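The values are calculated or read from the model by the stated rules, or taken from the named source; none is laboratory data. Being a predicted model, the structure only gives us computed values, none of them experimental. Here the Cβ is made from the backbone with ideal geometry for all residues, glycine too, and neighbour counts use every protein chain on show. Please note that ligands, DNA and RNA were not included when accessible areas were found on the heavy atoms of the full protein model with its side chains. Shrake-Rupley method; radii C 1.70, N 1.55, O 1.52, S 1.80 Å.
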Amino acid sequence: MAATRFAIMEERRRLACEIHDTLAQAFAGILLQLEGVPEKVDAGRQSDSDSAERLALAKHLAKSGLEDSRRMLLGLRPKSLDGTSLVEALKALAQRWAGEGRMECTFRSIGRETNPPTDVQDEFYRIAQEALCNVRKHSRATSVSILLRCEANLIALTIKDNGQGFVDKHPQTASGGFGLSSMRARARRIGGSMDISSAPKRGTEVRVRVHIPGIAPKW
């Protein structure tokens, strides 16, 4: 009972932080841009082009906030995989992401598909969702790939993009920012680890690994 209560409190804390970092900032940005647009444009004070730019940015922030809210609502579902396997769910996620025209997105699985615990499948799927959202928001990438590797006692997930990357002086321990702390917390929750490799103009690679002794392949 205590463990369940702790898990609930941790999920509430995570959601509060995520709402603050995504929806709250998006709404604040929208308000800031709209307040800068006068009801009547005065040629001597502000140009039409400046107003149009502010409105375009407000529209972009609104769209981003809507996507974040949909993602978080999906994350609240008890079973985000909806009865499908992890491989099928990740494949569908990649297809949906590419189909919406954001960027090229591919999925590949290596090894015989295993049957890990439900919580492992759930957290892997949610990590992939958050990683793709980070790619869209921050990377300026044109393509991203999802790789799932299944072995007898190991499941590994890799999300790699070809975006602008960033300087990471401590790739093994860096946390915070871009939703990375939330992804690390999810990995720790299932006894796994997460590493990040990135460099300017060389893209970013996120790797999640979970060792599960005795896990058997699905025949």
Checklist entry - What does the accessible area per residue of the stretch 84-164 come to in Å², with a 1.4 Å probe and no ligands, DNA or RNA counted? => result 44 Å²
Item to check | Nearest-0.05 FRET efficiency for Leu34 and His211, computed from C-beta distance (R0 41 Å) | outcome: 0.25
Checklist entry - Which distance in nm do the two modelled labels at Val87 and Glu113 give, with both placed 7 Å along the Cα-to-Cβ direction? => result 0.5 nm
Checklist outcome for this item: The local net charge around Met194, scoring Lys/Arg +1 and Asp/Glu -1 for residues other than Met194 whose Cβ lies under 10 Å from its Cβ, equals +4
Item to check | Greater than 21 Å apart at Cα, pairs in Lys63/Lys137; Lys137/Lys201; Lys160/Lys201; Lys63/Lys201 | outcome: Lys63/Lys201
